[in-house]
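Participant: Just dropping this structure here.
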Amino acid sequence: MSQESQLSEVFIKQRRNLLLISCILIFITYTNIDIQDISLLGIKLKNSSNPDAIIWAAWSIFLYFTIRYYQYFVQEAYPVLIKTFTTHIDNRIANFSRKQMLIVSDNQSTYEPNPYNGLMNTNWSFQINVPKKRILGKTREAETIDCQFTKREILSLYVKSLVYITFHHHNVSDYLFPFLLALSCVIYKAFSIFTFVT
């Protein structure tokens, strides 16, 4: 079952509504179109004496759809996005831990990389277990080496994981794009009001 099919029909409708009203507002605001008449439920309204009222009504609908989308996003889409992110960052953590193991030891050693949530609770530290072995007639006792992620390595894990899922996973464009489009509407409108006032 795809993740898209796990989402409710209502969520998909809310996403469609937000995308539609955002595109309409961007078009109206950017083109400065003059609305002469409008068709509403088969009723044609002509030569409105207050065309700004239509724009404000559209912004009211936009606000409603944005709030509705956010409510469904938190319940349904946000957990999917978090799962996508943690799965990818867990893979990067495991690869990094293995590279660290090869630096301090060899392939016979084992490492215990905590998953992302566990690492946050242990201050981003993990252990490498080096087995007892004999080297040049001398016995090296088994030991446990504590390893710690540096702040730079942690930042690198976050950035690379976020960039990867943004460009390689559909969940980001499916669930966050409507918010970004809605945000661009608000920013553009705020900028146009600010420039008008000044």
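Participant: How far apart, in nm, are the 7 Å Cα→Cβ label points at PHE27 and ILE187?
Facilitator: 2.3
Participant: Also, I was wondering about something else. Using the Karplus curve 6.51 cos²θ - 1.76 cosθ + 1.60 with θ = phi - 60°, what ³J(HN,Hα) values do you get for each residue of segment 84-92, in whole Hz, with x for Gly and Pro?
Facilitator: 4, 5, 5, 4, 5, 5, 4, 5, 5
Quick note: the coordinates plus some simple rules give every number you see, no bench work behind them. Here the structure is a predicted model, which is why all the values come from computation and not from measurement. Cβ coordinates were reconstructed from backbone atoms using ideal geometry, including for glycine residues, and neighbour counts include every protein chain displayed.
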